[in-house]
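The values are calculated or read from the model by the stated rules, or taken from the named source; none is laboratory data. All of these numbers come straight from a predicted model, not from anything done at the bench. Cβ coordinates were reconstructed from backbone atoms using ideal geometry, including for glycine residues, and neighbour counts include every protein chain displayed. Surface areas here come from the heavy atoms of the whole protein model, side chains and all, with no ligands, DNA or RNA. Shrake-Rupley method; radii C 1.70, N 1.55, O 1.52, S 1.80 Å.
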Amino acid sequence: MKHFLRMFVQVCLYFYCKCLWRCLKFVVRKLTGRCELQRICYNIKPGASRTMKIETSLRGSKNKLLQTSVSIHPDAIEKTIDDIMELKKINPDINPQLGVSLQACLLQIVGYRNLIAEVEKLRREPYESENPQHEEMLLKLWKCLKPDCPLEARISKQWCEIGFQGDDPKTDFRGMGLLGLYNLLYFAERDAAVAQQVLSDSLQPKYRDITKEELSQFSKAEWEKKRFDKAIGYSFAIVGINITDLAYNLLVSGALKTHFYNVAPEAPTLSHFQQTFCYLMHEFHKFWIEEDPLDIMEFNRVREKFHKRILKQLQNPDMALCPHFAASESLINM
């Protein structure tokens, strides 16, 4: 019986999606005089809500032009907009704002797809110690994080001071390729003060302040133990590579569309991705202190909990993870 009901519901949903929904769109267009793309652009404010609905509408269309418009080359966007306006019999002179709005949405949609390709290319490129550019970036990372402490040799135990596992960081980049190095260097250069503070805290961890409410929940024995226990630090560079993996998965899964469509007025770029990494790195550091793990073996648990929190935030269509990078003023009139 349950199997029959499940099948019946699936058939109803299929019928609704394929037939009733298209009929409903046809009726609404006749009543309003506007196609679905027009209704979205005129009724929904610029940002993730609008762009994601435009993307869903285009992908779900039966028309080949509309379906393929989400994967065209950026240079073809203007012509594609003209073709869409002609297909929908929309006069651009009467509806000038529609073309502008559609162009902004397509730039974001196509740009997100191209960003995934760019990030994937960096992730697949291995670190090569024979490559002068790779070596230069690695040595610059050391100088940014330890400006007052010269590196004695390229192969050195000193690398452990910034959180690598051994005397040659090359081996630690195997998982995320050059993408891990690019992100760490971006963080160390662009947010130098924050990066150095996070590095310092990771080496000399401190407990977060305990509220009176939390204090009342401790027994005397637990409180005495907590007073003498040492807070657990972590390996800065290794965690940075791990957070790079988290950011990469958020990007590829599409979860970061909410954020990028709200902060990038046009196509999201590698810089937007790296700014997001900086935000995630800083937020994970604060989250680690809040969680106060018993030992480093709890890292995966804390990371997974942090991942779920970020995913929950990204479910809000108005969410911008790092609002100080947002270009909300540029989005207003699109």
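A few comments on the model shown:
- Net charge over other residues, Cβ less than 10 angstrom from the Cβ of I44 (K, R count +1; D, E count -1): +4
- Pairs beyond 26 Å (Cα-Cα), from K62/K89; K121/K286; K62/K257; K79/K257; K45/K121: K121/K286; K45/K121
- Added length on full extension, which subtracts the Cα-Cα distance from 0.36 nm per residue, K64 to Q97: 9.5 nm
- Alpha carbon centroid spacing (whole Å) that separates the stretch 240-310 from the stretch 83-140: 21 Å
- Figure legend: label point modelled 7 angstrom from the Cα of A117 along Cα→Cβ; residues of the stretch 75-100 with amide N under 20 Å from it are 75-81.
- Accessible surface of the stretch 76-150, 1.4 Å probe, proportion on carbon and sulfur as whole %: 52 percent
- Extension gain for S49 to Q158 (0.36 nm times residue separation, less C-alpha to C-alpha distance): 34.5 nm.
- Reachable aspartates and glutamates, given that their alpha-carbon falls under 17 Å from the alpha-carbon of K88 and they are not under 8 places away in the same chain: E36, E55, E78
- Protection-proxy order for peptides 258-269, 127-138, 76-87, each taking the mean of Cβ atoms within 10 Å per residue, highest first: 258-269, 76-87, 127-138
- A simple count of charges around I77, restricted to other residues whose Cβ falls under 11 Å of its Cβ and scoring Lys, Arg +1 and Asp, Glu -1, yields -4.
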